[in-house]
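Quick notes on the structure that follows.
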Amino acid sequence: MAPSGTTSTAVLAQLQRRSADPNRRILFTGATIVTMDADLGVLHDADLLVEGDTITAIGTGLDRDGAVVVEATGTILTPGFVDTHRHAWQTQLRRIMPDVDDLGAYVMSTLAGHATAYRPQDMYIGTRLAALTAIDSGITCMLDFSHNSRTPQHSDAAVQALVDTGIRGVHASMGPHFGDWDKQWPGDLARLKERYFASDDRMLTLRLAALATGEIAGPALAYGPELARIAKELGIGVSVDAVFGTSSSAAIAEWEKGGLLCADLTLIHATGLTSEAWKAIGGSGTSIALAPTSEAQIGLETAIPAIDEALSVGVRPGLSIDVEVALASDMFTQMRALHAIQRMRAVNAVYRTGRQPTRITTHDVLDFATLQGARTNGLADVTGSLTPGKKADLLVIQAEDLNNMPLNDPIGTVVLGSDTRNISAVLINGQPRKWNGQVLDVDLPALREEVHASRAHVLTTLA
Ligand SMILES: [Zn+2]
């Protein structure tokens, strides 16, 4: 079976001709559809219909009437990946410290150093570059843990970058750790909400971002009753970073007592927590965002991604990228790292005992990277699975490319075989954002010039 013309430029031209039509119909035909919807499962040689921004039908022999038809034989359709935490502003500093082995070294170099040189336009360029790269690699929803909000203009620039790339963006706002700043956060959240987050298409959502304790940057950035009250009054969720070890476990005990653990709260990393802390998390609806390469490669607390601990209290986590100063930027890396690490732990724990290891599967990690990520970001009713009624955030993955042929198991092919190069098309909210293997609406030479100039500013200002 040869792959078809699928995401050709001729089809894109048809889509663009009808881009003003709010009811534009796009019909993908003949695909293997990995829905990640528990009721729908995997469909073979099936069709998927998008009307406007929404998936309206999945099945066989769907009506082609008036639709732009995308022949998708030889491809796998999956939901777009959902990133539950990355610090997008840092992207000009990509891989600047690839072998960093100490959280303190990262904090001093990046947060106490480079961050202080950032102007609003540097926030814009870093965030835009991160979002475009995310789209290229199939991440359709990205939580930007934007913790360099030195002025209102820094926040505006970070939000505008999400808007301009067309990604489903979650802007999680936090003040900077160190250096001079306007002290406008968290008060400025009310202005941000009113200015950018009033519409209800859910393309942009706002969260409050905080740290677990005052250990890194003092008590003002630490989650507690005051920040919880502000988030509640604004009706927004909270994402808490740097959750690890005994001090975070003690904080979690306090949050439990104060009623601050809840479904609107996400705890990031969660390495080295006590069993009491896990018990409190498990009963509360609090979600967990793992960053497998961050935890293992940089070495956060125990350095072991807390997958078994989360599952043992009934929490299915989302996955995240964290910092591009040291780590890969795509979700394939996170899925494979977690899959390997958990299975290594599981077998190692019962080695020579005769007991059976409890291993996660490729389906589990794909669930974490899609539907559980959406739930973690508070968007499970919008994205994360191919379900009629949800927004059309989806990927077309070439299953018959050199590195994927022949297609034997679609979930195995996505999780273990595929890469950014196999993603021929990305739809976000029904709009093509990548087509025929190229991210759309990007002038790459101009972007490169901006990125280099911004990096030069940050590095020379610091020196
Ligand atoms: Zn982080």
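The values are calculated or read from the model by the stated rules, or taken from the named source; none is laboratory data. Predicted, not measured: the structure shown is a model, and the values here were computed from it. Here the Cβ is made from the backbone with ideal geometry for all residues, glycine too, and neighbour counts use every protein chain on show.
Numbers below:
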| read-out | value |
| --- | --- |
| Inter-residue pairs, beta-carbon under 8 Å, first touching a residue at least 40 places away in the same chain (Cβ under 8 Å) and in region 136-149, second aromatic (Phe, Trp, Tyr) and within 15 Å of the ligand (Cβ to nearest atom), 6+ apart | ASP144/TRP89; SER146/TRP89; ASN148/TRP89 |
| Region 140-164 - residue that is within 16 Å of the ligand (Cβ to nearest atom) and among the aliphatic types (A, V, I, L, M) and, of those, nearest to ASP188 (Cα to Cα) | ALA158 |
| Filter result for GLN153 (within 14 Å of HIS457 (Cα to Cα), out of contact with any Gly (no Cβ under 9 Å at 6 or more places or on another chain) and surrounded by fewer than 24 Cβ atoms within 10 Å (Cβ to Cβ)) | no |
| Sole residue being closer than 29 Å to VAL442 by Cβ, more than 16 Å from the ligand (Cβ to nearest atom), outside any helix (DSSP H, G or I) and touching a Ser or Thr at 6+ places or on another chain (Cβ under 8 Å), chosen from GLY169, GLY179 | GLY169 |
| Test: residue in region 230-244 that is out of contact with any Leu (no Cβ under 9 Å at 6 or more places or on another chain) and either of a type in the set (S, T, N, Q) or touching a residue at least 40 places away in the same chain (Cβ under 8 Å) (or both) | no |
| Qualifying residues in region 240-275 (those that are under 13 Å from GLY224 (Cβ atoms) and within 16 Å of the ligand (Cβ to nearest atom)) - the one surrounded by the fewest Cβ atoms within 10 Å (Cβ to Cβ) | LEU265 |
| Cβ pairs under 7 Å, 6+ apart, first in region 389-414 and free of Cβ contacts under 8 Å to residues at least 24 places away in the same chain, second crowded, with 22+ Cβ neighbours inside 10 Å and assigned to a loop (DSSP other than H, G, I, E, B) | ASN404/SER418 |
| Which numbered condition PHE197 misses (of (1) of a type in the set (Phe, Trp, Tyr); (2) at pLDDT 95 or above; (3) away from the ligand (no atom under 15 Å from the Cβ)) | (2) |
| Filter result (at pLDDT 95 or above and touching a strand residue (DSSP E or B) at 6+ places or on another chain (Cβ under 9 Å)) within region 86-134 | ARG86, HIS87, ALA88, TRP89, MET123, THR127, ALA130, ALA131, LEU132, THR133, ALA134 |
| Matching strands (runs of 3 or more DSSP E) fully within region 54-111 where at least 1 residues are away from the ligand (no atom under 16 Å from the Cβ) and closer than 30 Å to VAL240 by Cβ | 75-79, 81-86 |
| Test: residue in region 195-217 that is within 30 Å of ASP102 (Cα to Cα), without any contact (Cβ under 8 Å) to a residue 40 or more places away in the chain and hydroxyl-bearing (Ser, Thr, Tyr) | yes |
| Which numbered condition GLU324 misses (of (1) over 18 Å from the mean Cα position of the chain (by Cα); (2) within 16 Å of the ligand (Cβ to nearest atom)) | (1) |
| GLY285 vs. criteria part of a loop (DSSP other than H, G, I, E, B), small (Gly, Ala, Ser), surrounded by fewer than 17 Cβ atoms within 10 Å (Cβ to Cβ) and over 23 Å from the mean Cα position of the chain (by Cα) | no |
| Any hit, region 295-308, residues being under 18 Å from the mean Cα position of the chain (by Cα), within 16 Å of the ligand (Cβ to nearest atom) and either surrounded by fewer than 20 Cβ atoms within 10 Å (Cβ to Cβ) or in a helix (DSSP H, G or I) (or both) | yes |
| Out of ILE298, ILE304, sole residue that is modelled with pLDDT under 95 and within 23 Å of THR213 (Cα to Cα) | ILE298 |
